[in-house]
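The values are calculated or read from the model by the stated rules, or taken from the named source; none is laboratory data. In this text, all values refer to a predicted model and were calculated from it rather than measured experimentally. Don't worry about glycine lacking a Cβ; one is built from the backbone with ideal geometry, like all the others, and counts go over all protein chains shown. Keep in mind that these areas ignore ligands, DNA and RNA; they rest on the heavy atoms of the full protein, side chains included. Shrake-Rupley method; radii C 1.70, N 1.55, O 1.52, S 1.80 Å.
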Amino acid sequence: MTEILQIKRPDSLSKTAEEHIREGIINGTFQLGESLPEVKLSDAMGISKTPIREALAALNLQGLVQIFPHRGAFVFSLSQEDVVQLCQYRLILESAALEQAISKNSNALLDELADTVSKMSKAREADEFEQYLELDAEFHYAFFRYCENSYLRDGYQKVGDIVQTMRTHLSKRVDRTKKSFQEHQSITALLSEGKIKAAKNTLKRQITRGERSYSDLVGVNQV
């Protein structure tokens, strides 16, 4: 029998708009709390308002967009308490995932972390800011890829885009990027030496920086 080749369906306009808006939020093109008028987005993307509205509704469910009756859609904003709780949640998940990943897949994890840190170094030298941030995210996602716990992984994915957006805003200052990179180097080195507790302490210092840097996360157009 002749093999039947499946034709991949193209993404819908709403899905394409959703990804475009998500990328704009994560990379800081859209500021925290910024208004997202359907008309302007429709004109900018050259599509009707219906897929824009569907995209905003989907992003609302994911926590990246907030929709208010009679006011419209806005990029999510965070109160200081929101930031504290998110950092606490992230720390709990990442610490647990790191411990399990080291226990179950130590060599694979350490190889990936070392490779990622090397790529981060090259991205910094080339002033590839967005690439550096993507690698930063990959560094932390590695804990979950090797922890063999789908519940930890799913829990982290639910806030992954929000965490990446925070990372973008916190990394705009060169001194913070330098400090963050040094911490990634330190975590990798400490883990390779079997100093798990010290590595987790460095991870905690890095994650909780968001609590101490709330002003850098506040959008000027917060609702």
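Amide hydrogen proximity for L36: with H placed 1.01 Å from N in the peptide plane, the residues at 5 or more positions away or on another chain lying under 5 Å are A73, F74, V75. Within the assembled protein chains, the solvent-accessible surface assigned to R153 is about 80 Å², based on a 1.4 Å probe.
The order of S48, S77 by accessible area, most exposed first and with a 1.4 Å probe, is S48, S77. Model label points for Q157 and S118, set 7 angstrom from Cα along the Cα-to-Cβ axis, are 2.9 nm apart. Taking a ≥ b ≥ c as the square roots of the Cα gyration tensor eigenvalues, region 94-175 comes out oblate, since a/c reaches at least 1.5 and a/b does not exceed b/c. Spin-label model, A198/D111: points 7 Å from Cα along the beta carbon direction are separated by 2.5 nm. Axis of helix 174-192 versus longest Cα principal axis of the chain: the two differ by about 50°, to the nearest ten degrees. Across region 1-149, the convex hull enclosing all Cα atoms gives 214 Å³ per residue.
Sites listed here are GluC sites (Glu not before Pro) in region 11-118 whose DSSP assignment is loop and whose Cβ has at most 15 other Cβ atoms within 10 Å, and the list is empty.
Along its first, second and third principal axes, ordered by size, region 74-217 spans 42, 36, 24 Å in Cα coordinates. Relative to the longest principal axis of the Cα atoms of the chain, helix 196-207 runs at roughly 30 degrees. Helix 80-125 and the long axis of the chain differ in direction by around 70°, with both axes built from C-alpha atoms. Pairs of lysines in region 7-136 whose Cα atoms sit within less than 25 Å of one another amount to 4, provided the residues are eight or more positions apart or on different chains. Here region 123-213 exposes an accessible surface that is 46 percent carbon and sulfur, computed with a 1.4 Å probe and the other protein chains kept in place.
Within region 15-102, none of the chymotrypsin sites (Phe, Trp or Tyr not before Pro) combine a DSSP coil assignment with at most 15 other C-beta atoms in a 10 angstrom radius.
If you roll a 1.4 Å probe over the heavy atoms of the protein chains, what accessible area per residue do you get for the chain, in Å²? Please list the in-between numbers first.
Values: 12530 Å² over 223 residues.
Solvent-accessible surface per residue comes out at 56 Å².
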